[in-house]
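Down below is the structure, laid out as structure tokens.
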Amino acid sequence: MSVAPVLQLEAALLRRQLPDLLLRPGMTLFARVAEREGRHGIIVLAGSPLVAELPDEVQVGDKLRLLVQDTRGDRVAMKLVQEQPSAAPQTPVIALPLPDGSQARIHVEDEESDASPDDPEHASISIGYESPALGQIGFVLSLAPGAVNVHAEVAAGEAFDLASDAAEALRARLAEATGRAADVTVVPRREPLDLYA
């Protein structure tokens, strides 16, 4: 039986870059490899570029499914979960009608639930939502006992202002619909810096 490769991140850097992301062992996250140099590289996790120690088989452009293993100490260890090969992967696109007659699109990256069968109270999902008015919006929706959290990243400027203004209304609706304490955080999306351009 082979051991799954492990990706490691500095815990302090992760907390600085993503202060609202609460990691727990067993949680599944998705990331993309933006750059690699030797054993280290840059992954994009929840829209934020992070330096990570990468397993040998991980290459630039790879989309990674990561299972959080250990969050204690100065390093966060995440096991690389191998996807089962499937025939012609297709990304479903769902169109939603908006009040002005235009359509918003939701892209589904993975259909599996992040919920562990042993711990159904802790789960998270990353959602990419494309709106004609606001552009690309990235969400991380997380559930924990008695709580629901949304971390949204939108383009700086008008889209960020609109999303920030609506955050309290969304928080109230989530609390009412779920019966849980709700928190909504809206941050401007940080585009990765391309030093090679």
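Where a number appears in this text, it was derived from the coordinates with a stated rule and is not lab data. Predicted model only: the values in this text are computed from it and were never measured.
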Amide H of GLN136 versus every other amide H placed in the peptide plane: which residues, excluding those fewer than 5 positions away on the same chain, fall under 5 Å?
SER131
Using the Karplus curve 6.51 cos²θ - 1.76 cosθ + 1.60 with θ = phi - 60°, work out ³J(HN,Hα) for each residue of the stretch 138-153 in order, rounded to whole Hz, and write x for Gly and Pro.
x, 10, 10, 9, 10, 10, 9, x, x, 9, 9, 10, 10, 10, 10, 10
